[in-house]
Amino acid sequence: QLGARMVEFAGWTMPLLYASILEEHHATRQHCTVFDTCHMGEFEVVGPGAARYLDRMLTLSVTDLAPGRCRYGYLLRDDGGVLDDLTCYAVAPDRFWLVVNAGTRASDFAWLREHMEPEVELRDRSDGMGKLDVQGPESYRVVRALLGDHMPNLRYFHFCDLQWDGVPIRISRTGYTGEWGYEFYVPAERVVALWERLLGCGARPAGLGARDTLRLEMGYPLYGHELSVERTPVAASRGAFVDLRKAFIGREAVERDLREGCPEYLVGIRWNSRRAARAGDDVYIDGRRVGTVTSGTLAPSLGVGVSMAYVVASFARPGVRVESGHGDRTIQGEIVSLPFWKNGTARAPSPPK
């Protein structure tokens, strides 16, 4: 009804854009937008052994995750290949939520069930749950207008449960844009009402296109592009989001890559024009192929093209000059530290004014 351009995504029909990707991108960086993320999966893990079980299944530490906090990490195969990147919510000492990617929801659930332990129950709550992401420096004002005196004071990677319009909802502050924002989990039958109320409070609708340019400016990985079963997470994050103080499936492969190094590492490349090398394009140094692009686009906040790419380890460092393309389509660039966009408000100590 809002005139969105719809596309197929991970088995869902999703809004790519409403007005334009550029408008929605800048609205998120400067004001407030709301994204339909109902395609994401939500698993509930409960029981006396839930924390111990998830500690074995995930690279993140779960047993020391206090109720009301979230933590990001990976679900790995035995050989260290990344099955998914996800966020774990500690609801209670014996109750957790996993928020997973839509395209890996079924395979994640099967893997978790295959390794089930006694005193643990695993439930897929995805079909009954709607999810909306409210993002941008004005998101506090928008959510405050929605919730009034019930507005929570959430720190980064914290969440709470409360009532909205007579139904239980969960609100977190994690985000995928680099800006201050909130995620709303609400019963599916009420998600349209919440969406309409958020628009009435000043949020603008935004689609998958802006979500991708925003996350790429932040250097956030996308499963199927930067993350896959073909590599351990060391290649992408060099050991971040992995807790080696505990045992977990795939740990031996992670330790090997940390000790011996990876053939290639994920890097950010800033190009010298508005053009960017796209996923699948080769990266060259002096005519020698040294890597492959995983994601690339114009960075609207910066006005130049940016890419993420896996590059041969000996060149995977800031300051190295690279190129992509051929002939008059060649573009020049430089490997830079991530994120590309360094002025995000997500970690601000208080809501942006």
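Observations
The rows are residues; the columns are (1) of a type in the set (S, T, N, Q); (2) touching a Cys at 6+ places or on another chain (Cβ under 9 Å); (3) closer than 27 Å to Ile331 by Cα.
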residue	(1), (2), (3)
Leu216	no, no, yes
Ser228	yes, no, no
Ala235	no, yes, yes
Arg238	no, yes, no
Phe241	no, no, no
Val254	no, no, no
Tyr265	no, no, yes
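- Scanning segment 275-293 for any residue that is among the β-branched types (Val, Ile, Thr), open to solvent by less than 40 Å² (accessible area, probe 1.4 Å) and in contact (Cβ under 8 Å) with a residue 60 or more places away in the chain turns up nothing.
- Any helices (runs of 4 or more DSSP H) falling wholly within segment 17-120 and containing at least 3 residues that are without any contact (Cβ under 8 Å) to a residue 40 or more places away in the chain: 105-114
- In segment 311-348, residue nearest to Gly181 (Cα to Cα) [restricted to those that are in contact (Cβ under 8 Å) with a residue 12 or more places away in the chain and acidic (Asp, Glu)]: Glu334
- One residue stands out among those in segment 78-98 that are of a type in the set (A, V, I, L, M) and open to solvent by 10 Å² or more (accessible area, probe 1.4 Å): the one that is nearest to Glu230 (Cα to Cα), which is Leu83.
- Residue-level check: of (1) open to solvent by less than 50 Å² (accessible area, probe 1.4 Å); (2) under 30 Å from Glu8 (Cβ atoms); (3) in a helix (DSSP H, G or I), Leu266 misses just (3).
- Residue satisfying all of: in segment 201-233; closer than 19 Å to Glu24 by Cα, part of a loop (DSSP other than H, G, I, E, B) and hydrophobic (A, V, I, L, M, F, W, C); least open to solvent (accessible area, probe 1.4 Å) among these: Ala203
- Residue check for Ser126: open to solvent by less than 10 Å² (accessible area, probe 1.4 Å) and either of a type in the set (Asp, Glu) or touching a residue at least 12 places away in the same chain (Cβ under 8 Å) (or both): yes
- Every residue from segment 137-151 that is in a loop (DSSP other than H, G, I, E, B) and either at pLDDT below 95 or under 28 Å from Phe340 (Cα atoms) (or both): Pro137, Glu138
- Summed over segment 1-16, the residues that are on the phi < 0 side of the Ramachandran plot and in contact (Cβ under 8 Å) with a residue 12 or more places away in the chain give a count of 9.
- The listed residue being out of contact with any Cys (no Cβ under 6 Å at 6 or more places or on another chain), of a type in the set (A, V, I, L, M, F, W, C) and open to solvent by 20 Å² or more (accessible area, probe 1.4 Å), out of Ala309, Ala247, Ala316: Ala247
- When Gly130 is tested against the conditions (1) assigned to a strand (DSSP E or B); (2) over 18 Å from Glu183 (Cβ atoms), the lone failure is (2).
- Residue check, Leu198 part of a helix (DSSP H, G or I) and crowded, with 21+ Cβ neighbours inside 10 Å: yes
- Qualifying residue in segment 49-66 (condition: farther than 20 Å from Ser107 by Cα, buried (at least 18 other Cβ atoms within 10 Å of the Cβ), within 17 Å of the chain's Cα centre (by Cα) and of a type outside the set (Val, Ile, Thr)): no
The values are calculated or read from the model by the stated rules, or taken from the named source; none is laboratory data. Note that the coordinates shown come from a computational prediction; the quantities given were computed from them, not determined experimentally. Cβ coordinates were reconstructed from backbone atoms using ideal geometry, including for glycine residues, and neighbour counts include every protein chain displayed. Accessible surface is based on the protein model in full, side chains and every heavy atom, while ligands, DNA and RNA are left aside. Shrake-Rupley method; radii C 1.70, N 1.55, O 1.52, S 1.80 Å.
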